[in-house]
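This report refers to the structure that appears directly beneath it.
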Amino acid sequence: MGQSPSTAVPLPELVPRKYSDSNRFSNLFDDPNEHFDFDFSDDSTESRDFMADLPDDCLARIFNCLSSGDRKRCSLVCRRWHRVDGQTRHRLSLNAKSGLLDFVPFLFNRFDSVTKLALRCDRKSTSINDDALILISLRCKNLTRLKLRGCREITETGMAGIGDNCKVLKKLSFSSCMFGAKGINAVIGRFRVLEELSVKRLRGAHDSADFVDFSGAGTSSLKSITLKELVNGQSFAPLVIGSKKLRTLKVISCLGDWDETLKAIGCSNNGLVEIHLEKIQVSDVGLGGVSNCLGLETLHIVKTAECSNYGICGVAERCKLLRKIHIDGWRTNRIGDDALISIAKHCLNLQELVLIGIYPTYLSLAAIASNCKSLERLALCGIVTVGDAEIECIAAKCGALRKLCIKGCPISNAGIGALASGCPSLVKIKIKKCKKITGKGVEWLREKRASLMFSYDDSEVEALDGSGSDGVGAVQDNAIADLPALEQINMIDAASSSINHRLTMFRTRIGFVAGFRRWANSG
């Protein structure tokens with residue numbers, strides 16, 4: 001900082017007067033006033049700054065291999081590195097507080113090649129407004145990706161500025177913003193090459209009278225739409241239905257009935273290859289619409305309580321190209337053997353299968369292992385009907401299996417012992433919260449298959465298999481019931497202390513339950 005760029009020059013090698021080995025130390029004491037002569041000449045090759053010979057594009061490639069922090073530090077080495085870093089940095093993440101407006105000209109004079117920009121603001125701060133966003137869009141006309149997080153001061157005016165100035169934007173993501181459906185319409189109608197749209201916790205989309213327009217130019221190019229945690233997710237239904245080139249649809253924790261929307265999608269768009277439905281109101285009627293997407297390759301049905309064997313069978317019978325299937329039955333016992341047998345019969349190209357909170361038996365798992373010869377990844381989580389016999393069947397018949405995850409299942413050492421000679425392609429296995437498996441069984445398997453990557457957790461905490469649906473209430477009630485007994489040990493007789501104790505105990509309960517729920521939801 002403030003120093004002129006230079007290259008460190010090594011100190012010249014000190015060459016003392018040559019002495020013979022016999023008297024080189026004795027001569028040092030002959031004359032105490034003698035001044036020793038040193039030869040400062042350097043006969044070696046003149047030192048060179050090899051980094052100065054490196055072209056700017058090569059230096060930029062090196063910078064691109066560094067982490068963000070290392071790259072920042074490198075930009076302070078010299079003026080040339082500072083310039084190259086600024087001119088070749090394509091990805092930038094900024095703290096989008098209101099004060100950012102004053103620094104926009106300086107920042108984007110230096111970083112004039114940014115194509116991927118993230119603007120984030122925390123909850124306790126005031127975010128940038130429309131003026132700052134429009135100024136940024138004027139400085140970054142080559143943006144291809146834009147993320148807005150917590151920018152609550154931005155309205156549809158600022159979004160319209162993005163649409164007017166950033167014509168090559170392909171990926172757009174919003175989270176915890178306030179501009180609602182009007183802001184979405186302001187950009188959708190102006191983009192012609194937009195391919196991915198992600199909307200999460202859009203606060204202004206509460207009014208059911210506001211819908212996202214599907215007649216804009218952006219719908220002609222949209223290939224991926226992600227909707228998450230929206231109070232009025234149905235306001236995006238016209239956009240989803242009107243995007244004829246849509247290939248990926250993810251709807252997660254959005255209120256409203258999605259059956260009619262999925263039926264309309266199935267009738268108007270047969271090009272979908274990936275669908276995620278998680279924690280939404282959808283039934284077998286909606287899955288009937290999904291079954292019309294004959295090219296579907298990836299399907300996630302997670303915690304949709306109204307979906308049953310009938311709907312899954314309909315999808316499996318018609319969508320025969322399915323390669324990845326995730327099913328979380330949420331312990332409702334509506335999805336089981338019938339659905340899995342249909343998958344085994346029709347989805348012969350299946351490569352990845354994740355089963356959580358359902359109740360399959362040996363019959364369906366044997367059908368999967370026998371028919372799906374390309375199965376490479378299998379996860380069985382929180383399934384009380386999977387025991388040693390089922391694992392032995394998988395070990396004997398799944399020759400292509402490479403990754404296996406078993407969590408919260410009643411299997412023992414005998415079950416995993418079958419993996420010592422089965423599944424010849426297996427490279428990784430993860431076992432978690434299986435109480436019947438001991439450390440000796442795990443060590444024995446490790447000795448038999450030393451090349452196998454092994455992850456083992458013998459925690460005695462009950463497995464919630466990622467759903468948190470079964471046993472959560474019981475565990476919480478028991479935990480809360482036990483807490484007072486623990487607290488009474490230190491109870492103070494004084495009235496004021498008793499009140500403080502009750503408040504503390506209540507806070508402990510609430511904190512325990514909240515932490516338990518976060519742990520359960522994180523899987």
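The values are calculated or read from the model by the stated rules, or taken from the named source; none is laboratory data. Being a predicted model, the structure only gives us computed values, none of them experimental. When the accessible area is computed, the model is the full protein with side chains, heavy atoms only, and any ligands, DNA or RNA have been set aside. Shrake-Rupley method; radii C 1.70, N 1.55, O 1.52, S 1.80 Å.
Annotations for the structure displayed:
- Excluding same-chain neighbours fewer than eight residues apart, the lysines reachable from K436 by a Cα-Cα span under 27 Å are K397, K403, K407, K428, K448.
- Mean shadow area of the stretch 348-397, taken as a quarter of the surface of its Cα convex hull (nm²): 3.0 nm²
- Shape box of the stretch 289-328 [Cα atoms, principal axes, largest first, Å]: 25, 17, 13
- The stretch 298-366 - Kirkwood radius from inverse mean 1/r over Cα pairs (Å): 11.7 Å
- Normalised by 2.2 N^0.38 Å, with N the number of residues, the alpha-carbon radius of gyration of the stretch 399-463 equals 1.03.
- Debye log10 I(q)/I(0) at q = 0.16 Å⁻¹ for the stretch 264-406, Cα point scatterers: -0.76
- Solvent-accessible surface of the stretch 117-159, taken per residue with a 1.4 Å probe and all protein chains present: 48 Å².
- Anchor K116: lysines whose Cα lies under 16 Å away (excluding residues fewer than 8 positions away in-chain): K141, K147, K167, K170, K171
- Solvent-accessible surface (1.4 angstrom probe) belonging to C267, in square angstrom, nearest 10: 110 Å²
- Equivalent-ellipsoid semi-axes for the stretch 81-182 (Cα gyration tensor, √(5λ), whole Å, largest first): 21, 15, 12.
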